[in-house]
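These notes concern the structure reproduced below.
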Amino acid sequence: MKIEVWSDFVCPFCYIGKRRLEEALAGFPHKDQVEVEYKSFELDQNAPLNSGKTIDEALASKYGMTIEQAKEANAGIGQQAKSVGLNFRFDEMKPTNTFDAHRLAKFAKTQGKEKDVTETLLYAYFTDNKNLGDHDTLADLAEASGLERMEALEVLGDKTAYASEVRNDEGIAQQYGISGVPYFVINQKYAISGAQRAETFAGALKKVWEEENPAPKLQDLTEGSGDDAFCEDGSCAVPKNKE
C-alpha cells in the first residue's frame with residue numbers, strides 16, 4: 001500500500017495530520033507493507049522570505065480578522081497539536097516562503113532521508129521557530145537529519161535544483177483538484193482530506209487493505225450433509241452409523 005501525502009512545512013494541520021496518520025499506522029497489522037511518500041504543496045507560492053509579520057498578524061491579514069481573533073484561532077490549533085504530543089509556539093513563528101525547503105526535501109529523498117528531513121523541518125518551524133527561508137538554517141537542519149551540510153548548501157544555492165520535482169508534485173495536486181492540505185492519496189485511488197482523527201485513518205487503512213487484498217473465496221464441493229465428519233469449537237461430531 002502506498003500513501004502519498006501532500007503538505008507544506010508551515011501548515012499546522014499537516015503536522016497534526018502526520019502524527020494522526022502515524023498513530024493509525026502504529027496499530028495497523030500490515031504497517032510493514034505501507035509506504036508513505038511526501039509530496040510538495042506550497043500554501044502560498046508568492047509568500048515573501050520575510051514578511052516582517054508575526055504569525056497572528058499574517059493570519060489576521062489573510063482572513064480579515066482581528067489580531068485577537070487570530071490568536072484565539074491559533075490557540076485552538078495549539079490545543080489540537082498538544083493532543084498528539086506536539087508543542088506549537090506561535091509567538092515566535094517566522095512566516096516565510098517554503099519553496100527552498102521543498103527543494104531540500106526532494107534532495108533528501110535522493111539520499112534516503114525524506115522522512116527525516118520532513119519531520120525535522122516541521123519541528124523546526126512549529127516548535128523551534130526556525131526561519132525555513134534561510135539557506136544557512138536549512139543547511140543546519142539538513143545536517144541534523146543526516147545529510148552533508150555543504151551538499152545541501154550547493155543544492156539550495158542553485159535555484160533550478162529539484163525545482164521541477166517540486167513543481168511536478170504541485171501539478172499533480174492540481175490534476176487531483178487538491179486546493180488545501182494535508183491531503184492523503186492511497187494507492188492513487190482513495191483520498192482523505194484534512195487532519196482527520198487517527199480512527200478515521202485506521203478505518204481507511206483497513207478498508208483499502210481489505211478491498212485491495214480480498215480473502216480467497218473457495219467453491220464448496222462437499223458431498224452430502226457433511227455433518228458426520230467435522231470438528232469445530234473444540235469438539236467433533238460423532239459419525240452416525242449408516243446401515
Ordering THR110, THR96 by the accessible surface of their heavy atoms, 1.4 Å probe, largest first, yields THR110, THR96
Highest GNM mean-square fluctuation, the chain, Cα pairs closer than 10 Å: which of GLN111, GLN33, GLN79?
GLN33
What does the accessible area of ASP32 come to, in Å² to the nearest 10, when a probe of 1.4 Å is used?
150 Å²
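Which order do LYS18, LYS206 take by accessible area at a 1.4 Å probe, largest first?
Details: LYS18 15, LYS206 115 Å².
Greatest to least solvent exposure: LYS206, LYS18.
For the chain, what does the helix formula give at 222 nm: sum of -39500 (n - 2.57) over DSSP H segments with n ≥ 4, over the residue count, nearest 500 deg cm²/dmol? Present the calculation step by step, with values, prior to reporting the outcome.
Numbers: 9 runs with 114 residues, N = 243.
When only DSSP H runs of four or more count, the value is -15000 deg cm²/dmol.
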Roughly what angle does helix 135-144 make with the longest principal axis of the chain, taking Cα atoms, 0 to 90 degrees, to the nearest 10?
40 degrees
Which links in LYS31/LYS115; LYS82/LYS207; LYS39/LYS94; LYS71/LYS106; LYS18/LYS206; LYS109/LYS206 stretch past 24 Å when you go from one Cα to the other?
LYS82/LYS207; LYS71/LYS106; LYS109/LYS206
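Let me check something: with ligands and nucleic acids excluded, how do LEU49, LEU218, LEU147, LEU59 order by accessible area (1.4 Å probe), largest to smallest?
Numbers: LEU49 100, LEU218 160, LEU147 15, LEU59 40 Å².
Largest accessible area first, the residues go LEU218, LEU49, LEU59, LEU147.
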When the label point is put 7 Å from the Cα of ASN50 along its Cα-to-beta-carbon vector, which residues of the stretch 80-103 have a backbone N closer than 16 Å?
93-98
Amide H contacts under 5 Å for SER7, placed H, 5+ residues apart
LYS39, PHE41
Gained length - THR127 relative to LYS62, 0.36 nm times residue gap less alpha-carbon distance
21.1 nm
Once the Cβ-Cβ distance between THR110 and ASP136 is put in as r, and R0 is 22 Å, what FRET efficiency do you end up with, to the nearest 0.05?
0.55
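For the stretch 1-137, which whole-number percentage of the solvent-accessible area (1.4 Å probe, protein heavy atoms only) is attributable to carbon and sulfur atoms? Write out the running numbers ahead of the final one.
On the way: 2990 of 6440 Å².
After summing per-atom areas, the C and S share lands at 46 percent.
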Projecting the Cα atoms of ILE192, VAL181, GLY85 onto the charge dipole of the chain, where Lys and Arg contribute +1 and Asp and Glu -1 at Cβ, the residue farthest towards the positive end is VAL181
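Quick one: accessible area per residue over the chain, 1.4 Å probe, rounded to a whole number of Å²? Can you show the working numbers first?
Numbers: 13980 Å² over 243 residues.
Here the per-residue accessible area is 58 Å².
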When the scattering of the stretch 70-156 is computed by the Debye formula from its Cα atoms alone, each counted once and equally, what is log10 I(q)/I(0) at q = 0.17, 0.18 Å⁻¹?
-0.69, -0.75
Inter-probe distance in nm under a simple model that places probes 7 Å from Cα toward Cβ, at THR160 and GLN188:
2.9 nm
Using θ = phi - 60° and the Karplus curve 6.51 cos²θ - 1.76 cosθ + 1.60, what whole-Hz ³J(HN,Hα) does each residue of the stretch 3-12 get, with Gly and Pro shown as x?
10, 9, 10, 8, 7, 10, 6, 10, 9, x
Going 7 Å from the Cα of GLU148 along its beta-carbon direction, which residues of the stretch 92-128 have the amide nitrogen within less than 13 Å of the resulting point?
111
Report PHE28's accessible area, 1.4 Å probe, all protein chains in place, as a number in Å² to the nearest 10.
20 Å²
Given a 1.4 Å probe and the protein chains all in place, what does the accessible area of ILE172 round to, in Å² to the nearest 10?
50 Å²
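The values are calculated or read from the model by the stated rules, or taken from the named source; none is laboratory data. As the structure is a prediction and not an experimental result, all values here were calculated from the model. Reconstructed Cβ throughout: ideal geometry from the backbone, glycine too, with neighbour counts over all protein chains shown. Side chains included, ligands, DNA and RNA excluded: accessible areas come from the protein's heavy atoms. Shrake-Rupley method; radii C 1.70, N 1.55, O 1.52, S 1.80 Å.
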